[in-house]
Amino acid sequence: MKVHHKLFCPPEFIEGCGFIKRIVYTSIHLDYNRDTQHDKKIVVKSIVLLVFIILFSNLNASIRALWVPIWEITSAEKVDAMMDELKGKNLNQLLIQVRYRGDAAYSPNLQDSTYANPEKRYHAISDSLFDPLEYIIFKAKMQNLEVHAWFPTFVITGHDLTRLDSTHVYFSHPEWVTSDFSKQPMKPKDDVGSFLDPGIPAVQDYTLNVILDIVSNYDIDGFHFDYIRYPESHFGFNELAMEAFQKEVKFQDAESWQNWKIDQVSRFVKRVNVEAKKIKPELQITAAVFPDPDNALERYLQNWSQWLEEGALDKVYLMAYTKSNEKLEENLTFLENYNLSDKIVVGLRAWNSIDDYSARDINEKLQIVKSRSFAGIALFSYSGLKQKKMFKKLKIN
């Protein structure tokens, strides 16, 4: 006899369920050798007890995450080497970059093509049959690591346009690129690259489809926004965005204009949360954010404290990349006043460009965060740690 059981993960228990869902969530198949009602009850009760022991033992487990850039996952050999290096490092979550600039480190419309996704593969993936995200999910399960899809959102180019496919959204929809106050489209050499304008409804629809394609086709544990913002507050003067503003807002001045732009980013975050969780109710929705919520809001129109308060995000990952322990302490003390510590993962600098920042410096910051009541830590990034060979000296606990 076969009995199928599904483990329901209520929203407040999602983090604990992440550990066991691979074992139990989809289905548990029980073969009974003896057909007595008593034996069946014992087996079922034992499984239920085991599930809840594992679940509740992990509810308070802190997040120990690592950002993995897209260029580290372009072949099976690279992924294998990385996964070997991560063994025994006490991590429990990988933030895998599945998009660099409007491209894909996965197979768009892999099986389910409900959500149209025209984005082409990342240029450095040479094997057309290799699916980086699918392979990493397979490998991570064997090491009990969660996989979250790290997704740069509104930034759409790098500085070098020669690497973009001719069908790339930057070329197919140049009218979607955001503009500054002089109505000049943002250039790829500006900032980290050109951004699409969050205030254009078609941009939101396009980006949502790409995200939902990933969510519906891959067994990811979480979806992780990056660049979920405007490049800076003086951008957004795209003609299509301004038309949308003029239709929606009756009283128009500088303040209502800025507030409207803030609302466009917030609206998109909420929309992704709702639509993605229709597909995967247990999915964790998170974002990489600037550590000072006031600066994030005023300069980048990124209202992340409100996203947490309203449940639009499950957690944020601070980009607290300072080298200074004192500055980190100051930032964390300030953030504790928001009473959101249990939803804040502290992202720490884990790279060194000029040999003045060591594994010891990282370990000191890990202890600073550990002494407080935040949701965990995330290290940026695998590339930085690998380049300076700092893994062996790290103390992640």
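A short reminder: the numbers here are calculations on the coordinates, not readings from a lab. The shown structure was predicted, so the numbers you read here are calculated from the model rather than taken from an experiment. Note that each Cβ is placed from the backbone with ideal geometry, even for glycine, and that neighbours are counted across all protein chains shown.
Numerical summary
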{"read-out": "Per DSSP, loop trypsin sites (Lys or Arg not before Pro) in the range 104-160 with at most 10 further Cβ within 10 Å", "value": "none"}
{"read-out": "The range 195-291: chymotrypsin sites (Phe, Trp or Tyr not before Pro) falling in loop per DSSP and having at most 15 other Cβ within 10 Å", "value": "Phe251"}
{"read-out": "Added length on full extension, which subtracts the Cα-Cα distance from 0.36 nm per residue, Glu364 to Thr114", "value": "85.3 nm"}
{"read-out": "Rounded if a/c under 1.5, otherwise prolate or oblate - the range 226-337, Cα gyration tensor axes", "value": "oblate"}
{"read-out": "Computed FRET value (nearest 0.05) for Asp127 with Ala254, which takes r as the C-beta separation and R₀ as 56 Å", "value": "0.65"}
{"read-out": "Fewest-first ranking of Asp190, Asp226, using other Cβ atoms within 10 Å as the exposure measure", "value": "Asp190, Asp226"}
{"read-out": "Loop sites in the range 284-359: chymotrypsin sites (Phe, Trp or Tyr not before Pro), DSSP, at most 16 other Cβ within 10 Å", "value": "Tyr321, Tyr338"}
{"read-out": "When the convex hull of its Cα atoms is projected in every direction, mean area for the range 324-397 (nm²)", "value": "4.8 nm²"}
{"read-out": "When each of Lys247/Lys270; Lys183/Lys323; Lys323/Lys388; Lys187/Lys315; Lys327/Lys370; Lys315/Lys365 is checked by Cα-Cα distance, pairs over 26 Å", "value": "Lys183/Lys323; Lys187/Lys315"}
{"read-out": "For the range 62-393: rounded, prolate or oblate by the Cα gyration tensor [a/c cutoff 1.5]", "value": "oblate"}
{"read-out": "Square roots of 5 times each gyration tensor eigenvalue, C-alpha, the range 186-228, largest first, Å", "value": "24, 14, 8"}
{"read-out": "Label-point separation in nm, Glu85 to Ser166, each point 7 Å along Cα→Cβ", "value": "3.8 nm"}
{"read-out": "FRET efficiency for Gln143 and Glu239, using Cβ-Cβ distance with R0 set to 45 Å, rounded to 0.05", "value": "0.35"}
{"read-out": "Dipole in debye (nearest 20) - the range 264-390, about Cα centre, beta carbon charges: Lys, Arg +1; Asp, Glu -1", "value": "620 debye"}
{"read-out": "Amide N of the range 355-397 lying under 18 Å from the label point, which is placed 7 angstrom from the Cα of Lys78 along Cα→Cβ", "value": "380-389"}
{"read-out": "Label point distance in nm, Asp219-Val274, each placed 7 Å from Cα along Cα→Cβ", "value": "3.1 nm"}
{"read-out": "Kirkwood Rh, Cα atoms: Rg over Rh of the range 189-276", "value": "1.00"}
{"read-out": "Alpha-carbon centroid distance for the pair the range 369-397 / the range 277-356, whole angstrom", "value": "16 Å"}
